[in-house]
1. If the reach is capped at under 24 angstrom between alpha carbons, list the lysines near Lys47, excluding any in the same chain fewer than eight residues apart.
2. Considering only protein heavy atoms and a probe of 1.4 Å, how much of the accessible area of segment 24-64 is carbon and sulfur, as a whole percent?
3. Between Thr6 and Ile34, how high is the FRET efficiency from 1/(1 + (r/R0)^6) when r is the Cβ-Cβ distance and R₀ = 30 Å? Nearest 0.05.
Amino acid sequence: METLVTILPIIINILLIILLVIGIILLIKCIRIIDKAHEVIQNVEDKVNSLNALFSVVEMFNSKIALLTDKVTSTIEGFITKIFNRKNNDEYDEEDELENIIKEEGNE
């Protein structure tokens, strides 16, 4: 029993030392993995930043094209509105002339 009392703390201490060494090794591996992940994230961030210029150019062209199409659309709309207003004005002129003729015939 005395040998068990002297050997058991030594075995526990050795197991704790082994556990501590394994913990340190795992911690070092985790730090390496985090460093690699940081490098990958930094690489992706650099690539995204390089594409930001391209996206800004695309956005500029998009806004210019939208402005151009808006102007063309409003011009065509104005042209069509003028054409229909002329037809409507011509119809009103004809109706006014008919009313004037009827009034003149009625006065005679």
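The values are calculated or read from the model by the stated rules, or taken from the named source; none is laboratory data. A quick note: this is a predicted structure, and the numbers were derived from the prediction, not measured. Reconstructed Cβ throughout: ideal geometry from the backbone, glycine too, with neighbour counts over all protein chains shown. Surface accessibility is based on the protein's heavy atoms, side chains included, excluding ligands, DNA and RNA. Shrake-Rupley method; radii C 1.70, N 1.55, O 1.52, S 1.80 Å.
1. Of all the lysines, those that pass the test against Lys47 - Cα under 24 Å, at least 8 places apart if same chain - are Lys36.
2. Working: 2700 of 3860 Å².
Taking all protein chains in place, segment 24-64 shows 70 percent carbon and sulfur surface.
3. Details: r = 43 Å, r/R0 = 1.44.
It comes to 0.10.
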